[in-house]
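The values are calculated or read from the model by the stated rules, or taken from the named source; none is laboratory data. Keep in mind that this is a model prediction, so the values were computed, not measured. Using ideal geometry, Cβ is built from the backbone for each residue, glycine included, and neighbour counts are taken over all protein chains shown.
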Amino acid sequence: MLVAAGVAALVLPGPGLLLIAAGMALLAMRYEWARKLLRPIKRQAMHLARQSVQTWPRVAFSLLVSGLLVGLGILWGIGLPVPGWWPANPRWWLFGGWGTGATLLASGVVALGTIIYSFRHFRPRTPS
């Protein structure tokens, strides 16, 4: 179900890749073929997590993006009035309401959690 939801979320609002990875992780607990498929993905994810916290500008940028996701999710959820410059039909303005806002908000929270995990586990320690 998680893999199917992840595939759907690749074209719909939501954390598609994260749902696919979670579904594959559950399948890997039981099936060797899923474990084999998950190994290179996990290795690459850990490599990217390690790289993402090597410098302060990378950490700051990651925090900024996760904060923007949370803020955008809240703004999307509360629904701002349609601005005068919006060229399309007003019903297409912030399409999805709280459904889309909640997925953006969840993505920002997951991103923040990932940054904290990466910082605690992969950030080079400086001697005190």
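Mind checking whether some residue in the stretch 75-89 is in contact (Cβ under 8 Å) with a residue 12 or more places away in the chain, of a type in the set (Phe, Trp, Tyr) and out of contact with any Lys or Arg (no Cβ under 7 Å at 6 or more places or on another chain)? So far as the stretch 75-89 goes, yes, one or more of its residues are in contact (Cβ under 8 Å) with a residue 12 or more places away in the chain, of a type in the set (Phe, Trp, Tyr) and out of contact with any Lys or Arg (no Cβ under 7 Å at 6 or more places or on another chain).
Taking the stretch 87-128, which residues are loosely packed, with under 12 Cβ neighbours inside 10 Å and among the small types (Gly, Ala, Ser)? Correct list: Ala88, Gly113, Ser128. When Ser66, Ser62, Ser52 are checked against the criterion of being in contact with a Lys or Arg (Cβ under 6 Å, 6 or more places away or on another chain) and surrounded by 16 or more Cβ atoms within 10 Å (Cβ to Cβ), Ser52 stands alone in meeting it. Considering every residue within the stretch 83-101, establish whether at least one is at pLDDT 90 or above and of a type in the set (Ser, Thr, Tyr). No, that holds for no residue. Scanning the stretch 81-128 for residues being outside any loop (DSSP other than H, G, I, E, B) and not hydroxyl-bearing (Ser, Thr, Tyr) gives a total of 23. Could you check, for the stretch 78-86, whether at least one of its residues is more than 29 Å from Arg50 (Cα to Cα), touching a Leu at 6+ places or on another chain (Cβ under 7 Å) and surrounded by 11 or more Cβ atoms within 10 Å (Cβ to Cβ)? Yes, the conditions are met somewhere in the stretch 78-86. Cβ separations smaller than 8 Å between residues 6+ apart or across chains give the following pairs from the stretch 92-107 residues that are within 13 Å of Leu12 (Cα to Cα) to residues that are modelled with pLDDT under 85 and in a helix (DSSP H, G or I): Thr103/Ala9. Scanning the stretch 72-97 for residues that are under 17 Å from the mean Cα position of the chain (by Cα) and farther than 20 Å from Leu18 by Cα returns Ile74, Trp76.
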